[in-house]
């Protein structure tokens, strides 16, 4: 608009703009309102999806409790396919991985855990999957692979759990001195970060006492 126009001329100009462009203003309001209601509808859909996913997750657990393994795995696959965007999909994969472990299917368990670890948006859930994968790898006799998996943990929240598992992996390799150091680091981390509830402190102390006592006995003349 020309800055030299008089106030009256400016008023007339503004009226003309509104008259000529009212449809765009109305459309803008409509789009804004539509976006708002669309957002709310989408949020409601997410809530309903979470409710539906939760119900399916419960059905899967019930199937396992009745020893209906095939049905449980089928429901788990449906949760992944239909509700992959909800947290229940990752939780279902963890449950299925545990079922594989209990059946001695360590390779299948490792595959599921690795997928959750690399794909989930939940940092804590990714750490849980990583720790469980490391345990499976130790059980498979792949201690070096377990150590590599633990090296990928980027969070300090689970230091105690990571260090204890590192000790287990090193002990499986026969590195007793390294295992003792890792267990002691786990104890320190648990005490410093109040993670006593996340690790079995009594078991950790037994591991430390066993290795420390063996080291003392070996060093004695």
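The values are calculated or read from the model by the stated rules, or taken from the named source; none is laboratory data. Just so you know, these numbers come straight off a predicted model, no measurement behind them. In this analysis, Cβ positions are derived from the backbone assuming ideal geometry, glycine residues included, and neighbour counts consider all displayed protein chains.
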State which residue pairs qualify: first residue over 16 Å from residue 48 (Cα atoms) and inside the stretch 68-95, second residue assigned to a loop (DSSP other than H, G, I, E, B) in any location, beta carbons under 7 Å apart, and separation of 6 or more residues or different chains. 90/120; 90/122
From the set of residues in the stretch 108-117 that are surrounded by fewer than 19 Cβ atoms within 10 Å (Cβ to Cβ) and either touching a helix residue (DSSP H, G or I) at 6+ places or on another chain (Cβ under 8 Å) or touching a residue at least 12 places away in the same chain (Cβ under 8 Å) (or both), which is farthest from residue 150 (Cα to Cα)? 108
Given the conditions (1) within 22 Å of residue 164 (Cβ to Cβ); (2) at pLDDT below 95; (3) in contact with a helix residue (DSSP H, G or I) (Cβ under 8 Å, 6 or more places away or on another chain), report the number of the one that residue 124 does not fulfil. (3)
Going by the conditions given, is residue 185 surrounded by 17 or more Cβ atoms within 10 Å (Cβ to Cβ), touching a helix residue (DSSP H, G or I) at 6+ places or on another chain (Cβ under 8 Å), assigned by TED's automatic domain parsing to the domain that holds residue 136 and at pLDDT below 95? yes
In the stretch 94-114, anything in a helix (DSSP H, G or I) and either under 22 Å from residue 58 (Cα atoms) or in contact with a strand residue (DSSP E or B) (Cβ under 7 Å, 6 or more places away or on another chain) (or both) is listed as 94, 95, 96, 97, 98, 99, 100, 101, 102, 109, 112, 113
Residue 31: out of contact with any strand residue (DSSP E or B) (no Cβ under 8 Å at 6 or more places or on another chain), surrounded by 10 or more Cβ atoms within 10 Å (Cβ to Cβ), more than 25 Å from residue 133 (Cα to Cα) and at pLDDT below 55, yes or no? yes
Can you say whether residue 172 is over 24 Å from residue 110 (Cα atoms) and buried (at least 16 other Cβ atoms within 10 Å of the Cβ), as far as the supplied structure shows? no
Quick one: residue 177 ticks every box in (1) surrounded by 20 or more Cβ atoms within 10 Å (Cβ to Cβ); (2) under 24 Å from residue 203 (Cα atoms) except a single one, so which number is it? (1)
Inspect the stretch 74-85 for any residue being under 22 Å from residue 150 (Cα atoms) and either outside any helix (DSSP H, G or I) or out of contact with any strand residue (DSSP E or B) (no Cβ under 8 Å at 6 or more places or on another chain) (or both) and give the result as yes or no. no
Any idea how many residues of the stretch 94-107 are farther than 17 Å from residue 145 by Cβ and surrounded by fewer than 21 Cβ atoms within 10 Å (Cβ to Cβ)? 9
Going by what's in this entry, would residue 126 be described as more than 19 Å from residue 51 (Cα to Cα), surrounded by 15 or more Cβ atoms within 10 Å (Cβ to Cβ) and touching a residue at least 12 places away in the same chain (Cβ under 8 Å)? no
